[in-house]
Amino acid sequence: MRIAKMTSVDELFKKPNLPSGSVKRKFEAPDPQQAYKSAKLGDNASPNGNHANGASVEDAADEDDDIEAGPELPTDEDEDEEGRFFGGGVTKDTADALEYIDEQEGDNYTEEKIDSAWLRRLANSFERKVNKNAELRARYESEPQKFMASEADLDSEIKSWSLLSEHPELYSEFAQSEAIGQLVGLLAHENTDIAIGAIQIIAELVDEDVEAEQEQWDVVANALLEADLLELLMSNLARLDEDEETDRSGVYYSLAVLEDLSSQQAFAENIGQEKVLLWLCNRSKNAEKTVSQNKQYAVEVLQVMLQSSPLLRRRLAVDLDGVDLFLQLLAAYRKRDPAKDSTEEEYAENLFDAVTCVVDEPEGKSKFVEAEGVELALIMLKEGSFSKLRALRLLDHACGGQAQASSEVCEKLVEAAGLKVIFNMFMKKADSSTMEHLLGIFTSMLRLLPGESAARIRTLAKFTEKNYEKVAKLINLRTDYSRKVGAVEKEIKAERANLSEIEAAEREAEWFSRRLDGGLFCLQTLDVVLAWLSAEDLEAKKLVSKDVGFESIKTSLQEQMDGLDSEADDEEDTKEMFGTLISFLQ
């Protein structure tokens, strides 16, 4: 099976359980989609098909089994011995003859085998129809009626490639054939209907639901890109008019191709050229009365690209000023909530996801401060509903990391009067996602704010004000999370006792995930915050020593330090931080 894109550990504990915009959707416009689906045949499908909404005898029977339709059958056989009125009008000999014909036709029917021979036949037939249509179009340029029939044949032949997505074992052979280049070349066809038909087939071939091995999928994706798919796709998008329903579907399927090819970093960086990112940004900000499916999808594709590649995140931040664009679009949701379960809600979620990806990069953090993103996020925390948790998550990511830009975000948070907002949220009852992000912000501020700076002094004062109530709450939270994680550890220990060493090793990833679900990340973050406060303030140190004890915190910090990548240069500062904190806890 094709390997799905792995979720990083950071995503597991950094991303709140928000509704996601990444779920695969189907194009909503009924007419072109229905026409296309009706033409697509499976291995065993009938050209006449079965309509999902069509009436059947069974449907009628289910509606009311007690009602008899039509006249009653005669009770006296003498009244109609031949049954001519109520019979079918077919004699027994005729019926036998018809049955014999059906049997003969059934014996002669053989299901077409989808194999290499089928692929070669279709490729040859496809090439003939492409060439014939091109020849007739060139010869009778001003007489459409003379090439229309060949165009209809070509359109039908394009749809024949739909079966290939059900047989990925043929992908390698298809990628080596001339047909893949001819299919991509049709994106430049003068008839946009032909171009859209080709895009639909390409979207099917690279769809994430295709049951292809990674190698099979890669070979087709590479062949498509080598055939200049990206250039032709962008040229085609420029000529499609979304006021027309068919063209709207063409834009949708073009976005589907971009999304599927962008799900892996290597392909995303190949596809995410500046002109592609620019088109997606422009489509994302198009003024519309209500957010359309394609506008929402453009933001989703953009988010997929940004999530796949740090290079694209930096490119969007620096070359396209994308952070400012995202913040302008998100400003509409400072106080207003999009309708529940609407396309607009998904659009707004994707915007938050996209800008959150970008601020993970130093360049994105700098642009976030420059575009007054901290101030906007604080307004959302105070006045928003839909936007509140998403804005908090955005701030957490913007403050995080090792870069100087992270320190600038933390300083801006203090300067913009954000301490009061953040600590007020902390003192209220909060769900695990909210608490996770609040603790993440606290950790970043204690680690990154310069020593003896006004911003650091103000932050420490917030922790110690009102008789150290914030420190007391941190200690209580630490006790709660320690109990939850301890219960999970006890379960895992019992399971491990019944397993061999090899079996236990196979379950380590599952157990780690269960620890995270049980609150391990929050527990570890709390230990870092309490260690910092103990190092900075003598009274806080006494409280932590009395109510928690330093040994358990030191053990936690040591485990976190041991879990860092020893070869990663960017982890060196974090290792040094853990070592310093451990030395303070004596």
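In whole Hz, what ³J(HN,Hα) sequence does region 158-174 give by Karplus (6.51, -1.76, 1.60; θ = phi - 60°), x for Gly and Pro?
Each residue's phi maps through the Karplus curve to give 4, 5, 4, 6, 4, 4, 4, 5, 8, 9, x, 5, 9, 4, 4, 5, 5 Hz.
Where in region 289-329 does the amide nitrogen come within less than 18 Å of the point 7 Å from the Cα of GLU370, taken along Cα to Cβ?
311-329
So what J values fall out for region 189-195 if you push phi through Karplus, 6.51 cos²θ - 1.76 cosθ + 1.60 with θ = phi - 60°, rounded to Hz, Gly and Pro as x?
Taking θ as phi minus 60°, the curve returns 4, 4, 8, 5, 4, 5, 4 Hz for region 189-195.
Using the Cα gyration tensor of region 114-261, with a ≥ b ≥ c the square roots of its eigenvalues, what is the shape: rounded (a/c below 1.5), prolate (a/b larger than b/c) or oblate (neither)? Don't skip to the answer; put the middle values down first.
Values: a/c = 2.05, a/b = 1.27, b/c = 1.61.
Because a/c hits 1.5 or more and a/b fails to exceed b/c, region 114-261 counts as oblate.
Which GluC sites (Glu not before Pro) does region 488-586 hold that lie in a coil by DSSP with at most 15 other beta carbons within 10 Å?
GLU567
Counting only residues 5 or more places away or on other chains, whose amide H sits under 5 Å from the amide H of ALA227 once H atoms are built in the peptide plane?
Hits under the 5 Å cutoff: none.
Quick check: residue separation of LYS113 and GLU178 times 0.36 nm, minus the Cα distance between them. What number comes out in nm?
Separation in residues times 0.36 nm, less the Cα-Cα distance, equals 21.2 nm.
Under 17 Å from the 7 Å Cα→Cβ point of GLU127, by amide nitrogen: which residues of region 182-197?
182-186
In whole Hz, what ³J(HN,Hα) sequence does region 399-404 give by Karplus (6.51, -1.76, 1.60; θ = phi - 60°), x for Gly and Pro?
Running phi through 6.51 cos²θ - 1.76 cosθ + 1.60 with θ = phi - 60° gives 6, x, x, 9, 6, 4 Hz.
Nearest 0.05, what FRET efficiency do LYS575 and PHE512 give at R0 = 25 Å with Cβ-Cβ as r?
Numbers: r = 21 Å, r/R0 = 0.82.
That pair, LYS575 with PHE512, gives E of 0.75.
Points 7 angstrom from Cα along the Cβ direction at GLN265 and MET427: gap in nanometres?
Result for the modelled spin labels: 4.4 nm.
Could you tell me which GluC sites (Glu not before Pro) in region 379-465 are loop residues by DSSP with no more than 15 other beta carbons within 10 angstrom of their beta carbon?
Qualifying residues, ordered by number: GLU452.
Could you let me know the centre-to-centre spacing of region 230-248 and region 311-354, using Cα atoms, in angstrom?
Answer, in whole Å: 24.
Tell me the net charge near LYS462. Cut-off is 10 Å between Cβ atoms, LYS462 excluded, with +1 for each Lys or Arg and -1 for each Asp or Glu.
Its environment carries a net charge of +3.
Give, rounded to the nearest 20 debye, the magnitude of the charge dipole that region 459-584 has about its Cα centre when Lys and Arg contribute +1 at Cβ and Asp and Glu contribute -1 at Cβ. Please report the intermediate quantities before stating the final value.
Working: 18 positive and 28 negative charges, 218 e Å.
Its charge dipole is roughly 1040 debye.
Considering only DSSP states other than H, G, I, E and B, which trypsin sites (Lys or Arg not before Pro) in region 429-529 qualify as loop sites with at most 14 other Cβ atoms within 10 Å?
Within region 429-529, the qualifying trypsin sites (Lys or Arg not before Pro) (loop, at most 14 other Cβ atoms within 10 Å) are LYS429, ARG507.
Return the long-range amide H neighbours of SER262 (sequence gap of 5 or more, or a different chain), with a cut-off of under 5 Å between placed amide H atoms.
Amide H to amide H, under 5 Å and 5 or more residues apart or across chains, SER262 pairs with nothing.
Can you flag which of LYS159/LYS289; LYS388/LYS462; LYS365/LYS420; LYS365/LYS466; LYS420/LYS470 are past 24 Å Cα-Cα?
LYS159/LYS289; LYS365/LYS466
Every read-out reported here was derived from the displayed coordinates using simple, explicitly stated rules and does not represent laboratory data. Computed from a predicted model, the values in this text were never measured in an experiment. Cβ sites come from the backbone with ideal geometry, for glycine too, and all protein chains shown count toward neighbours.
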